[in-house]
Amino acid sequence: MRGKLTIVPLREHSGCIPLFARCFEQEWPAWYGPGGQGNAMADLTAFANPAGDLPVGVVARAADGAWVGVAALKAVSIPEFAHLGPWAAAGYVAPGLRRQGIGAALLAGLLAESRRLGFATVYCATATAGSLLERQGWRLLERTRHDDKPTAIYAIDVTRRG
């Protein structure tokens with residue numbers, strides 16, 4: 001992305017939650033849309049956890065002040081893998097700005113939060129972002145199916161990253 005990008009904790013900028021709630025509803029209508037099981041406002045509000053522990057979210061802000069992405073670190077992602085955690089999840093980048101490094105910056109922000117919280121390993125389940133994770137040094141643990149989609153489970157050791 002051209003210009004400066006800042007990654008900050010969502011708890012410090014909760015005013016952007018309604019914007020990202022609309023984005024989640026558009027991006028994942030089966031989950032967050034009408035009739036879906038999810039509640040985007042509730043999830044994002046949880047990610048703005050004022051205590052600074054799990055769940056915790058980070059947001060990306062462009063140099064012009066626009067909010068361009070969000071991601072969260074949460075305790076559980078896929079129920080079948082509840083024994084693992086925490087999980088990088090809920091990664092969203094504005095559609096016109098994808099493939100410009102914002103997702104990588106959000107992941108780096110989540111890894112910084114995980115180190116702050118004392119976690120050694122972070123996991124991620126994805127059907128679409130495997131190449132991004134692999135470029136960032138994540139290792140593939142397993143391929144599975146979740147919500148009837150092929151899904152890959154990745155992990156990264158955050159103690160080796162700075």
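The values are calculated or read from the model by the stated rules, or taken from the named source; none is laboratory data. Computed from a prediction, not measured in an experiment: that's the story for all the values here. Neighbour counts are summed over all protein chains in view; Cβ atoms, including those assigned to glycine, are modelled from backbone coordinates with ideal geometry. The protein model used for the area step is the full one, side chains on, heavy atoms only, and it has no ligands, DNA or RNA in it. Shrake-Rupley method; radii C 1.70, N 1.55, O 1.52, S 1.80 Å.
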From the set of residues in the stretch 2-12 that are on the phi < 0 side of the Ramachandran plot and more than 16 Å from the chain's Cα centre (by Cα), which is least open to solvent (accessible area, probe 1.4 Å)?
LEU5
Just to confirm my filter: which strands (runs of 3 or more DSSP E) fall fully inside the stretch 66-128 and include at least 2 residues that are within 14 Å of PRO9 (Cβ to Cβ) and within 13 Å of the chain's Cα centre (by Cα)?
67-74
In contact with a helix residue (DSSP H, G or I) (Cβ under 9 Å, 6 or more places away or on another chain), within 24 Å of ILE17 (Cα to Cα) and open to solvent by 60 Å² or more (accessible area, probe 1.4 Å): is that true of PRO50 in this structure?
yes
When you go through (1) touching a strand residue (DSSP E or B) at 6+ places or on another chain (Cβ under 7 Å); (2) modelled with pLDDT under 95; (3) crowded, with 17+ Cβ neighbours inside 10 Å one by one for ILE78, which number turns out not to apply?
(3)
Consider PRO34 against the criteria (1) in contact with an Asp or Glu (Cβ under 7 Å, 6 or more places away or on another chain); (2) open to solvent by 50 Å² or more (accessible area, probe 1.4 Å): it satisfies all of them except one. Which criterion is unmet?
(1)
Please go through the stretch 129-138 and pick out each residue that is part of a helix (DSSP H, G or I) and either modelled with pLDDT of 95 or more or open to solvent by less than 50 Å² (accessible area, probe 1.4 Å) (or both).
GLY130, LEU132, LEU133
Looking at the stretch 27-46 only, could you name the residues that are modelled with pLDDT under 95 and of a type in the set (S, T, N, Q)?
GLN37
